[in-house]
Amino acid sequence: MIRLRSLASLAALSVAMLPAAARAQQPVQPPGQPPAQPQPPRPFTTGNPLGLPVTPATAGAFEPMSANVKVFGAIFSAESCSYDATRGVIVVPNRGVTQAVQANDAFVSFINHDGSVHTARWIGVQGPAERAGLTPPLVLNEPFGSDIANGILYLADRDGGTGPGVPSVAVIRKFDLRTGAPVGEMRVDRVAWFNDIAVAPDGTIYATQTGAFGENPDASTWQLWRIAPDGSASILVQGAPLFQPNGVALDGAGSVVVVNMGNPDVLTFSRDGRLLRTEAAAQAGNDGLVILPDGTKYVSSVRFGGVSRIRPGRPAELIARNIPSAASMCYDAGGKQLVIPMNPNNGLAFVKIE
């Protein structure tokens, strides 16, 4: 399948395809000119809401876009989303182009309840070449799962994987939800990348490794991990009843709920990894999981496009159908709706539930 990409992506791809020597070549210093001085570190900044200038400038210079204009878009290969109740916006991490094309290309958008754009690039308004010069530096490569807890935006990112023979390493990156600045990271060297994450109030992270597919896959690669606030990581559940685990969330009791891609199972585990309950979504191939305070679960199928609703003690019912690549969704409490990133379709689907 051929998929059209944006001009920016094509430009990045063209640069990546240049011979290494051409990419590494530095501008020639004119004769008699003093050598260029290194640029001083620049403070970390986030992008402005829609208006001009796009990037922050002198205090008072920014002017918002006029209220009679609505902008849609800003989504590029998003796998998950979260809801910022303070701002009242949907927080969408965009993966950008893959690591093999351009490292450090991802960014985070703010989206309004109606799907219009609030801030096209909040974290990651700078290009990859500029990010190392920020204070603190910004690294954001290919974020998958996301969650917000205690004023921190957590993203399941990865390093490496930039070419053949270059290993990929899972990294949980943390950002201050008020300023957007990086506030730490946790590397898990035994994992190439995590699919989804859920963060407990004490900062403990639960993360899924979807693992192997195909005929006779290695079930030991299907894993649920627990990462303590100090960064120490361990496998909480491995193999069955996990079957290509994907979405993960915490219920009202603090139990860990996981949806499988390989079958319709929705599994509830205690925080020490004991299986407490097994439910079934209306479809298999699941990715997204939202749990409301009353215990109702919503599950999205990235393979079959449906959204299942599972009320406590009742069988699943299919409330939406045929959403392409329905990925790891979030609940927009301000809009009383599910928001579902659609992966390579570069868009968001909205499903009202109240």
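What about I340, is it in contact (Cβ under 8 Å) with a residue 40 or more places away in the chain and either closer than 19 Å to V89 by Cα or open to solvent by less than 30 Å² (accessible area, probe 1.4 Å) (or both)?
The answer is yes for I340.
List every residue pair whose Cβ atoms lie under 8 Å apart, where the two residues are 6 or more positions apart in sequence or sit on different chains, the first residue falls within region 314-336 and is in a strand (DSSP E or B), and the second residue, located anywhere, is of a type in the set (G, A, S) and open to solvent by 20 Å² or more (accessible area, probe 1.4 Å).
The qualifying pairs are E317/A282; L318/A282.
So, in region 66-94, how many residues would count as being under 13 Å from the mean Cα position of the chain (by Cα) and open to solvent by 30 Å² or more (accessible area, probe 1.4 Å)? Show your work before the answer.
Residues of region 66-94 under 13 Å from the mean Cα position of the chain (by Cα): 75-83, 90-94.
With open to solvent by 30 Å² or more (accessible area, probe 1.4 Å) added as a condition, the list becomes 76, 83.
Counting residues in region 66-94 that are under 13 Å from the mean Cα position of the chain (by Cα) and open to solvent by 30 Å² or more (accessible area, probe 1.4 Å) gives 2.
Could you go through region 291-298 and let me know if any residue there is under 20 Å from the mean Cα position of the chain (by Cα) and over 28 Å from S234 (Cβ atoms).
yes
Checking L140 against (1) open to solvent by 10 Å² or more (accessible area, probe 1.4 Å); (2) touching a Gly at 6+ places or on another chain (Cβ under 7 Å); (3) at pLDDT 95 or above, which single condition isn't satisfied?
(1)
Output the residue which, of all residues in region 210-243 that are in contact with a helix residue (DSSP H, G or I) (Cβ under 7 Å, 6 or more places away or on another chain) and open to solvent by 20 Å² or more (accessible area, probe 1.4 Å), is farthest from L155 (Cα to Cα).
First, pick out the residues of region 210-243 that are in contact with a helix residue (DSSP H, G or I) (Cβ under 7 Å, 6 or more places away or on another chain): 211-212, 238-240.
Filter again for open to solvent by 20 Å² or more (accessible area, probe 1.4 Å), leaving 211-212, 238, 240.
On the way: G211: 19, A212: 22, Q238: 22, A240: 26 Å.
The qualifying residue farthest from L155 (Cα to Cα) is A240.
Please tell me if A192 is at pLDDT 95 or above and open to solvent by less than 30 Å² (accessible area, probe 1.4 Å). Step through it out loud before you land on a result.
Working: at pLDDT 95 or above: yes; open to solvent by less than 30 Å² (accessible area, probe 1.4 Å): no.
Taking the combined requirement at face value, the residue does not satisfy it.
Which residue, of G285, G305, is in contact with a strand residue (DSSP E or B) (Cβ under 9 Å, 6 or more places away or on another chain), of a type outside the set (D, E) and crowded, with 21+ Cβ neighbours inside 10 Å?
Testing whether each residue is in contact with a strand residue (DSSP E or B) (Cβ under 9 Å, 6 or more places away or on another chain), of a type outside the set (D, E) and crowded, with 21+ Cβ neighbours inside 10 Å leaves just G285.
Looking at (1) over 30 Å from G247 (Cα atoms); (2) open to solvent by less than 70 Å² (accessible area, probe 1.4 Å), which one does V54 not meet, given that it meets all the others?
Checking V54 against (1) over 30 Å from G247 (Cα atoms); (2) open to solvent by less than 70 Å² (accessible area, probe 1.4 Å), the one that fails is (2).
The values are calculated or read from the model by the stated rules, or taken from the named source; none is laboratory data. A quick note: this is a predicted structure, and the numbers were derived from the prediction, not measured. With ideal geometry, Cβ positions are generated from the backbone for all residues, glycine too; neighbour counts draw on all protein chains shown. Note: areas computed on protein heavy atoms with side chains; ligands, DNA, RNA excluded. Shrake-Rupley method; radii C 1.70, N 1.55, O 1.52, S 1.80 Å.
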